[in-house]
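Everything on this sheet refers to the single structure shown next.
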Amino acid sequence: MANEAKNFQDLIAHCKEYGFIFQSSELYDGLSAVYDYGQLGAQLKKNLRDAWWKSMTQLHENIVGIDAAIFMHPTVWKASGHVDSFSDPMIDNKDSKKRYRVDHLIEAFAESLNKEAADALITQMDNLLAADDFAGIKKLIEDNKITCTISKTCNWTDVRQFNLMFKTEFGAVASENPEDNMVYLRPETAQGIFVNFLNVQKTGRMKIPFGIAQTGKAFRNEIVARQFIFRMREFEQMEMQYFIRPGSQKQWYEFWKAERKTWLENMGIPTTKLRYHDHVKLAHYADAAVDIEYEFPFGWKELEGIHSRTDFDLSQHAKFSKKKIQYFDNDLNEAGKPYGNYTPFVIETSIGLDRLFLTIISQAYTEETWNKEDGTPDSRVVMRIPPKLAPTKLAILPLLKKDGLPEIARELMNDCKNDFMCFYEEKDAIGKRYRRMDAIGTPYCVTIDHQTKEDQTVTIRHRDTMQQERISITEVKKRVQEGIS
């Protein structure tokens, strides 16, 4: 009956039609790779953010949350390595002047090949990038006759690095040297955690191992941003840095690797749609790194990263700030062991909220067709968003706009809306209203009809099965709460 996804363009159109996601500044023909979340998208995004925050800061006793500023001292990014090495290999077409990230250019070409040839090409690319062999990358592009989408030519510049950080000026006082007032829009949220390590550890009396979590906006000047909200210039991250004793990183790396995959599965993502992908080339700060990938409609792509960052970040900030950033481990000191005073190592979990959003809606979007009892065809588009995450939990639908039915419906609405998100609608035939609720992922609909006036019962309809049952109106709130818990 169900035809699971998924024409990706249909999903994108659905998101706009029902108020999930809009192109930013669409009134002025839009801004590339920047999107606005509509009324339903904003609520779904909040639900995802809240679920992550609860899982980290409420369900783990030794993890706390902060909210660091987007603007940070420019030396932060020098210490972290972003000024010198936060860049991607780029290539320009000499005829069109269009710039491409080389991995995106090659991956787009690979999509036109059969699976065996595509896998071989991507493997070649990964190996060359891991070796920083930019000449080899250019030769790979030329040998495969990969052309520019605009000029249709293969007339390429050499491959070179391009820094992805946005710059801006800070303060209102002009300076002869623009560099004096220059700051960056943060390209990640992690550094706000590292520079607050001592503040949080001391004020919270935190004992290692412990974590600091944060959600917030980050900004990257992606040259080629595509695949809807998968890669954007303004996006939101959910990161947790877990501070541990040196030498215990392998144990905690494996722990968080398993923990994060289990959490994603608990969000309704099937195990078969998730896989681990070890990094071919490690970042300058890591001694181990793995991506949890999801099978999007456009292929397997990174959803979440788990990185063993060693003591790189805290050591770098100590070096550049000329301030001591260490932890005194009473347990080691009392045991008479050496190194009671040390720089903690870090395990990072980092997931893009926008990518998680795209994962949930990609998994949820379903087109269904079937034959009714009389043999006539019927169909619907349904968003099978897990009830606990759905933007609206309950739709309250009086069958008619008269005979006192709206008054009963409003009373039920007032009773429920303090506990979960509800939606009230009187317009159109009940079948059309059901279809609209299916399309936005509302798990429960309650219809108020004339029988309600007689025996105080209502019809509750379940989104996924379309089954309907008669229950007491006093049972509605409890039934929905059980379904979304």
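Descriptive notes on the structure:
- Total residues in the stretch 8-67, condition more than 20 Å from Leu264 (Cβ to Cβ), among the aliphatic types (A, V, I, L, M) and in a loop (DSSP other than H, G, I, E, B): 4
- Subset tally (residues that are closer than 24 Å to Pro443 by Cα, surrounded by 15 or more Cβ atoms within 10 Å (Cβ to Cβ) and of a type outside the set (Val, Ile, Thr)) for the stretch 19-45: 11
- When Ala289 is tested against (1) touching a Gly at 6+ places or on another chain (Cβ under 9 Å); (2) among the hydrophobic types (A, V, I, L, M, F, W, C); (3) assigned to a helix (DSSP H, G or I), only condition (3) is not met.
- Restricting the search to strands (runs of 3 or more DSSP E) fully inside the stretch 153-253 and requiring at least 2 residues that are modelled with pLDDT of 95 or more and closer than 14 Å to Val346 by Cβ gives 210-219, 234-244.
- Whichever residue in the stretch 68-105 is of a type outside the set (A, V, I, L, M, F, W, C) and assigned to a strand (DSSP E or B) and, among such residues, is farthest from Lys152 (Cα to Cα): Ser87
- Qualifying residue in the stretch 436-448 (condition: under 30 Å from Ser362 (Cβ atoms), under 36 Å from the mean Cα position of the chain (by Cα), of a type outside the set (A, V, I, L, M) and in a helix (DSSP H, G or I)): yes
- The number of residues in the stretch 153-167 that are of a type in the set (Val, Ile, Thr) and either touching a helix residue (DSSP H, G or I) at 6+ places or on another chain (Cβ under 8 Å) or free of Cβ contacts under 8 Å to residues at least 40 places away in the same chain (or both) comes to 1.
- Of all residues making up the stretch 328-364, the number that are modelled with pLDDT of 95 or more and either in a strand (DSSP E or B) or of a type in the set (Gly, Ala, Ser) (or both): 10
- Ile66 β-branched (Val, Ile, Thr), touching a residue at least 24 places away in the same chain (Cβ under 8 Å) and in contact with a helix residue (DSSP H, G or I) (Cβ under 6 Å, 6 or more places away or on another chain): no
- Single residue of Tyr276, Tyr294 found to be assigned by TED's automatic domain parsing to the domain that holds Ala213 and surrounded by 20 or more Cβ atoms within 10 Å (Cβ to Cβ): Tyr294
- Total residues in the stretch 257-315 satisfying the condition of being within 18 Å of Met238 (Cα to Cα) and among the hydroxyl-bearing types (Ser, Thr, Tyr): the figure is 3.
The values are calculated or read from the model by the stated rules, or taken from the named source; none is laboratory data. Fair warning: this is a prediction, and the values are worked out from it, not measured in the lab. Don't worry about glycine lacking a Cβ; one is built from the backbone with ideal geometry, like all the others, and counts go over all protein chains shown.
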